[in-house]
Number of protein chains: 2
Amino acid sequence: MTSLDLTGDVVDLTRTICDIPSVSGDEKALADAVEAALHAYPHLEVLRDGDAVVARTSLGRPARVVIAGHLDTVPIADNLPCVMDGDILRGRGTVDMKAGVAVMLRLAAGLTAPRHDLTFVFYDHEEVAAKLNGLGRLVRNHPEWLAGDFAILGEPSDGTVEGGCQGTIRIKITVPGVAAHAARSWKGSNAIHSAGAVLDVLRAYVPRQPVVDGLRYHEGLNAVKIEGGIAGNVIPDLCTVYVNHRFAPDRDVAGAEAHLREVFAGFEVEVVDAAPGARPGLDQPVAKEFVELVGLPPAPKLGWTDVSRFAALGIPAINFGPGDPLLAHTDGEHVPVPEIRRTLEVLTTWLS
Amino acid sequence: MTSLDLTGDVVDLTRTICDIPSVSGDEKALADAVEAALHAYPHLEVLRDGDAVVARTSLGRPARVVIAGHLDTVPIADNLPCVMDGDILRGRGTVDMKAGVAVMLRLAAGLTAPRHDLTFVFYDHEEVAAKLNGLGRLVRNHPEWLAGDFAILGEPSDGTVEGGCQGTIRIKITVPGVAAHAARSWKGSNAIHSAGAVLDVLRAYVPRQPVVDGLRYHEGLNAVKIEGGIAGNVIPDLCTVYVNHRFAPDRDVAGAEAHLREVFAGFEVEVVDAAPGARPGLDQPVAKEFVELVGLPPAPKLGWTDVSRFAALGIPAINFGPGDPLLAHTDGEHVPVPEIRRTLEVLTTWLS
């Protein structure tokens, strides 16, 4: 097992943990190394569930901050071991999100007497189906491990605070028709043609851009799949359109579904899956203080992230971590070294 | 090998040949029986190519009539052996088209001194991919076997003459987009939404119903397949719509393609496959005479049939056979016995 040095340089630590492969489902080696390293610090209580590791202080502080990050990565694309390229660290996991994990490990080891009590959550299975998500499993198995007053998810946020996240809901719209031989098409009713009315709605739709807790979100309503047709000589009796709606966190899942049922009134609509968004919570004093310290205007998080799992527990949560989120999952993912150092510095200052 | 009695009752003969299974690709047993039975008649020259059998007279008549029918059927659906149900013969192949084949066999054996020289063509692989079609193979291998002045295809036509056939052309319309994460959809361009413009054209299209050689055809323009979408969280960069156009026989394939390129101007259009129609040719004296004898108003053939292969050889061709063409390929296919007898009677009268 690779031994991790939690007191040395955060960039070296990033590199070391990047070079322990941990594609989703294969996080054990890294989780073992993280757990063993944290056990060396008597100010931390270390807990484990599957390949999730939780470390926390119990200093009786009035507030508790939870800092969470996932250990897994998407599959390796011939981009390990890491390569240092000037001031850029390149390789699988660098930006999503082992630089963030390295910062968390350094904070956990170094902050023996933090201003707030701290809980560090390192979890598995973030890059795969939501039902496998390690943070979701902790919510089910040990919600008390996640208790806190404010949460930071260490996902890359380009050096600023990204508040909350938009929700997502996918619906399936079924458009019926009547099959007939294509040589006598007027004896049937073409379901694909009828689905044109669904596309009419999508083309005419103007998404909202509401301001929630001071941040402007940007919704979206898009067909993400369409399928129809039986054979080259048959009028299709069925066309299915899958639509994904991204909705701002001023609306919950029920509100988003009601909106879609209104938009697609008259069509057969079925909800395929949905996940709520999370309000940015930047009106909370602890959040305000943190945003001021970061010193950059906060941005809305448009994609869905695990902050919404904290929101569901009633804990305001933000995204804050090194690197450009748009590089996540790309073969060329990388993170600028100064951003790793700055993230560590901001958090250390805030929590000391 | 079942021995066929070509001089007995045409309904018994229909039943006998229905009970020799001959699903496409498996026509040999029936082709062998047909060939052997025809060899017994010295007024016929019998030829064979694969599982196609051709029998013809050479009496030096000024005109030659070709009568063609296929030996194969679609797969058996627990509907053999045939069952006689009052005046209805039920079972696979009864209507499509062994009743027609039985009529042809009786004519071939019985008309030793016909008014016109006769060529009977029994062929294989009609119910499968066009490139396997036995009549198409004869056109390639032995076009001289098919020479004639007028052709009758014995496909079911509900007791009347169905003239010509409509052509068919399939095109693929490719609608591009720009992929993006669904959480930031405005950074992409949704190909499925853009395909709405293709469906607009289809929904607004008014098909022609032109009169050709006295018969009113009815065209059609239909999407037969649509597909698009990459993943539930990605704006699709491609949507493909397959469109089938059925066109009246006053237009050839090139004309139909030009029409589609005009209708879908601005879209990326690719021709997938096409087959020409066939003019009904009912202005020919020999056809007029036959229609008068049948005594019912002729109808346009809307589906594509092998008459177009004769048309391509410059031979006017019609469909005339017992039974309802809409029953073809159904598990409950059947043919009324009186129609078999009447078809034999009409053709015998005309050709004697």
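The values are calculated or read from the model by the stated rules, or taken from the named source; none is laboratory data. Since the structure is predicted, the reported quantities are computational estimates derived from the model, not experimental observations. Cβ sites come from the backbone with ideal geometry, for glycine too, and all protein chains shown count toward neighbours. Quick note on the areas: whole protein, heavy atoms, side chains included, nothing else; ligands and nucleic acids left out. Shrake-Rupley method; radii C 1.70, N 1.55, O 1.52, S 1.80 Å.
From helices alone, the protein assembly as shown scores -8000 deg cm²/dmol at 222 nm; the rule is -39500 (n - 2.57) for each run of n ≥ 4 DSSP H residues, then divide by the residue total.
Ranked by solvent-accessible area (1.4 Å probe, protein heavy atoms only, all chains present), the residues A:R203, A:R48 order from largest to smallest as A:R203, A:R48. Only protein heavy atoms count here; on that basis, with a 1.4 Å probe, A:T168 has an accessible area of about 20 Å². Across chain B, Cα pairs under 8 Å and at least six residues apart give a relative contact order of 23 percent.
As a fraction of the 1.4 Å probe accessible area of the protein assembly as shown, surface on carbon and sulfur atoms comes out at 53 percent. Between copies, the label points at A:D200 (set 7 angstrom from Cα along Cα-to-Cβ) are spaced 1.2 nm, reported in nanometres from shortest to longest.
Projecting 7 Å from Cα along the Cα-to-Cβ direction, the label point of B:T330 sits 5.9 nm from its equivalents in the other copies, listed shortest first. With only the Cα atoms considered, chain A has a convex hull volume of 148 Å³ per residue.
Counting, for every residue in A:239-249, the Cβ atoms of other protein chains within 10 Å of its Cβ and taking the mean gives 3.
You can think of it this way: the chain between A:D200 and A:M84 has 36.8 nm of extra reach, that is 0.36 nm per residue less the Cα-Cα gap.
Using the Cα coordinates of the stretch B:167-275, the gyration tensor eigenvalues translate into equivalent-ellipsoid semi-axes of 34, 12, 10 Å, sorted from longest to shortest. A simple spin-label model places the labels of A:A129 and B:M1 5.9 nm from each other, with each point 7 Å out along Cα-to-Cβ. The aspartates and glutamates whose alpha-carbon is closer than 12 Å to the alpha-carbon of A:K288, local same-chain residues fewer than 8 away aside, are A:D213. 3J(HN,Hα) along the stretch B:104-117, derived from phi through the Karplus expression 6.51 cos²θ - 1.76 cosθ + 1.60 where θ = phi - 60°, amounts to 4, 5, 5, 5, 4, 6, x, 8, 7, 9, x, 5, 10, 5 Hz, with x in place of Gly and Pro. Normalised by the number of residues in the stretch B:172-297, the mean separation of alpha-carbon contacts (under 8 Å, six or more apart) gives a relative contact order of 29 percent. Extending 7 Å from the Cα toward the beta-carbon at both A:R48 and A:V271 defines two label points whose distance is 3.8 nm. If you average the alpha carbon positions of the stretch B:259-313 and of the stretch A:115-194, how far apart do those two centres end up, in angstrom? Centre-to-centre distance over Cα atoms comes out at 53 Å. Axis angle, to the nearest 10 degrees, between helix B:253-263 and the longest C-alpha principal axis of chain B: 20 degrees.
With R₀ set to 41 Å, the beta-carbon distance separating A:A40 from B:V178 gives a calculated FRET efficiency near 0.25. Here is the interface size for B with A: some 3100 Å² of accessible area buried, both sides summed, with a 1.4 Å probe.
Per residue of peptide B:298-311, the mean number of Cβ atoms on other chains within 10 Å of the residue Cβ is 1.
Listed by chain and number, the aspartates and glutamates placed with their C-alpha closer than 12 angstrom to that of A:K301 are A:E155, A:D158, A:E162, A:E219; residues fewer than eight positions away on the same chain are left out.
Of the whole protein surface, A:S352 contributes about 80 Å² of accessible area at a 1.4 Å probe radius. For A:R216 and A:D9, what does the FRET efficiency come to when R0 = 45 Å and r is the distance between their Cβ atoms, rounded to the nearest 0.05? Taking R0 as 45 Å, the efficiency between A:R216 and A:D9 is 0.75.
The listed residues B:L260, A:L59 rank as A:L59, B:L260 when sorted by accessible area, largest first, using a 1.4 Å probe. Counting Cβ atoms of other protein chains within 10 Å of each Cβ in B:176-187 and taking the mean gives 5.
In the stretch A:189-219, comparing the full protein assembly with the chain on its own, the residues that lose 30 Å² or more of accessible surface at a 1.4 Å probe are A:I192, A:H193, A:L199, A:R203, A:H218. Once all protein chains are placed together, B:E144 keeps about 100 Å² accessible to a 1.4 angstrom probe.
Across the identical copies, the label point of B:G25 (7 Å from Cα in the Cβ direction) is separated from its matches by 3.6 nm, in order from shortest.
The C-alpha atoms of chain B define a longest principal axis, and helix B:285-294 lies at about 80 degrees to it.
With a/c under 1.5 counting as rounded, go ahead and sort the protein assembly as shown into rounded, prolate or oblate using the C-alpha gyration tensor (a ≥ b ≥ c being the square roots of the eigenvalues; past the cut-off, prolate if a/b is larger than b/c, else oblate). Prolate. When a/c is below 1.5 the answer is rounded, else prolate if a/b is larger than b/c, else oblate, so apply that to the stretch A:1-87 with a ≥ b ≥ c taken from the square roots of the Cα gyration tensor eigenvalues. Prolate is the answer for the stretch A:1-87, as a/c is 1.5 or above and a/b outweighs b/c. Between B:A312, B:A31, B:A231, the Gaussian network model of chain B with springs among Cα atoms under 10 angstrom shows the greatest mean-square fluctuation at B:A231. Using a cut-off of 30 Å between Cα atoms, the listed pairs A:K187/B:K172; B:K98/B:K172; A:K131/B:K225 include B:K98/B:K172; A:K131/B:K225 as exceeding that distance.
Each distinct pair of alpha carbons in the stretch B:217-292 adds a 1/r term; the inverse of their mean, the Kirkwood radius, is 15.5 Å.
Enumerate the residues in the stretch A:167-193 having an amide nitrogen under 14 Å from the point lying 7 Å beyond the Cα of B:T330 toward its Cβ. Output list for this probe position: A:180-181. Between A:V234, A:V307, A:V175, the Gaussian network model of chain A with springs among Cα atoms under 10 angstrom shows the greatest mean-square fluctuation at A:V234. Roughly how many Å² is the accessible area per residue of the protein assembly as shown, as a whole number, for a 1.4 Å probe? Here the residues of the protein assembly as shown average 38 Å² of exposed surface.
Near the amide H of B:A317, within less than 5 Å, lie the amide hydrogens of B:A151, B:G164, all on another chain or at least 5 residues away, with H placed in the peptide plane.
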